[in-house]
Amino acid sequence: MPSSYQAPTRGEKRNDSSTSQSIASNLGYENASVDKILAIKGTDVFSIRPEDTLADAVVLLREKRIGALVVTDSAGKLVGILSERDIVRKLAETPGETLPKKVAEVMTSKIETCTEDEMIVSVLSRMSKGRFRHMPVMADDQLRGMVTIGDVVNYRLLQLEHEALQLKQLIVG
């Protein structure tokens, strides 16, 4: 037995809790909100109009290297979302006739959105259940950003990296 160890005496309260982890550190990811992701990735959102063609959308998706565009009307109001999946489905339905079609004919108009203060876990759950990968972030009917499943995964990887570094520092001293 190490010389520094002393067995507890009768009636002495024993502290069995560990200080290497806390509730806050274990639940930090679950308590993280969408604004944490936007702080890292930024708030740029690329949009297209309903009257534009799918050819216009494909060019924009390629140039910006993104997987979805928000569809806004002339006043800037969110009216839909157009993803690569939407375009691929239309390509399968109308081969050779797809690119001239209007965005309004193909976009998803029933849009799931979130707010900056919504928990990342909640957003990820909604995306998984709804089987979509992009979610516009709204505040006061204004578009504030876009969150993707990839953003959530990257955020979590950064958190795990940070946690691993903290544990290493704790062990090494």
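No lab work stands behind these numbers, since they all come straight from the coordinates. As the structure is a prediction and not an experimental result, all values here were calculated from the model. Positions of Cβ are backbone-derived with ideal geometry, glycine not excepted, and every protein chain shown enters the neighbour counts.
Check region 138-150 and report whether any residue there is more than 17 Å from Val45 (Cβ to Cβ) and part of a helix (DSSP H, G or I).
No - not one qualifying residue is present in region 138-150.
When you scan region 59-93, how many residues do you find that are exposed (fewer than 15 other Cβ atoms within 10 Å of the Cβ) and at negative phi?
12
Name the residue that is surrounded by the most Cβ atoms within 10 Å (Cβ to Cβ), counting only residues in region 131-173 that are closer than 15 Å to Lys36 by Cα and basic (Lys, Arg).
Arg144
Which residues, taken from region 106-130, are within 19 Å of Leu61 (Cα to Cα) and surrounded by fewer than 12 Cβ atoms within 10 Å (Cβ to Cβ)?
Residue satisfying the conditions is Ser109 alone.
Looking only at residues that are touching an Asp or Glu at 6+ places or on another chain (Cβ under 8 Å) and not in a loop (DSSP other than H, G, I, E, B) in region 65-89, which one is farthest from Leu54 (Cα to Cα)?
Only one residue fits best here, namely Val79.
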